[in-house]
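The values are calculated or read from the model by the stated rules, or taken from the named source; none is laboratory data. Please read all numbers here as calculations on a predicted model, not as lab measurements. Neighbour counts are summed over all protein chains in view; Cβ atoms, including those assigned to glycine, are modelled from backbone coordinates with ideal geometry.
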Ligand SMILES: [Zn+2]
């Protein structure tokens, strides 16, 4: 289990003194379900410098066992008194605490999380100064991930548009953190036309990001005559978009070409009591992909459309350098409990920087899912990449999934057709991997679906090109 990182800004509180001083960290476990946690180690960083680390090796009981425990914790806390080295060049600085902990119960499930509150005191020349930096963080070890992969929700609404009034940016970010996500993209409807609202929402995203240690990106769901489009990383461009619904999808995509933004057609087949939200302008070009999984509608038609685009029009569009129809999954949550229904795993090498998440979404190194993760390679090529092969060549698909995650079935889809549908054996589940032989029939694509019960992971394709 990885450590928790708590970042505490201390701009006004600490002026680095001439003399050495000490920092005390008191950690209080506020898990409501009486779960104790085992803290292995605490390390403290400031100004990007590791000041030191201390092994703890103790179980921290849940606060709910006794209120007195909390009293004791504060009076006789797990103080890690550390000497701060003199900081010559920092007049202001922020602390980062890495708390390496292990849950006592190893079988935590999807919704589980642990709350920790950290209180920091600085002792200078024998006098204790308590910093007003108490913070609750949420830990969730829920989702199983492969190394280098991070999970997130690229489609979440808040009260800035039509979500329920209590769905603030902060609460949605917290719900995502509890679901085990590493990132979330807030995509309110057309609200960012107003530069003031845009600035406010952006500030709230930044605050939530710091508070819960989860990357909170700000995108937008833009209305066009074709339907809804999720736009990411267009920055202040979006605030200039005269987003009246009279503009066509193509007009939006053309304008986005000039900014760094990427865009996905949202819920292309959604039609329900709230209206007809299906995508209507399929001849458009210049978009990044489709939301193949949406928390508010079924996915079958979206999957078929996705395959059809990549197969029927793939050849023709690849010639003119068109995009590859990256498939993503988003909850489209308009309330707190909507979070976690659909998600997207991206490979970033473990980074949660905004640019690395956007890059992975753009390149198709991503898996749309409602829980499990599965990844595969062909001749060393990864999701979203193209592998050059010979006609009739037999190649291995090397498929793997996270330790601790079981798969029941695997499907290999080539050019829109299922060519393998097999049950995963206990042995394969023990090695979390399988190799499947396929024969290349022509150019196109291959993708994998991995099922665990009624939950499925849909990888983005690896594209096949003939030599
Ligand atoms: Zn939406």
Exercise. Looking at this structure, is residue 252 more than 16 Å from the ligand (Cβ to nearest atom), within 24 Å of residue 282 (Cβ to Cβ), at pLDDT below 90 and in the same structural domain as residue 275 (by TED's automatic domain parsing)?
Worked result: no
Exercise. Hey, does the range 438-458 have a residue that's surrounded by fewer than 17 Cβ atoms within 10 Å (Cβ to Cβ) and under 15 Å from residue 375 (Cβ atoms)?
Worked result: no
Exercise. Condition test on residue 216, is it modelled with pLDDT of 90 or more, away from the ligand (no atom under 16 Å from the Cβ) and closer than 20 Å to residue 355 by Cβ?
Worked result: yes
Exercise. If you check 313, 324, which single one turns out to be buried (at least 18 other Cβ atoms within 10 Å of the Cβ) and at pLDDT below 85?
Worked result: 324
Seminar exercise, completed: Taking the range 193-212 and keeping residues within 17 Å of residue 156 (Cβ to Cβ) and in contact (Cβ under 8 Å) with a residue 60 or more places away in the chain leaves 211, 212
Problem set entry | residue 346 being closer than 20 Å to residue 402 by Cβ, more than 16 Å from the ligand (Cβ to nearest atom), modelled with pLDDT of 90 or more and assigned by TED's automatic domain parsing to the domain that holds residue 268 | yes
Exercise. What is the residue count in the range 180-201 for residues that are modelled with pLDDT of 90 or more and more than 16 Å from the ligand (Cβ to nearest atom)?
Worked result: 3
Exercise. Of the residues that sit in the range 255-274 and are more than 25 Å from the chain's Cα centre (by Cα) and within 16 Å of the ligand (Cβ to nearest atom), which one is modelled with the highest pLDDT?
Worked result: 271
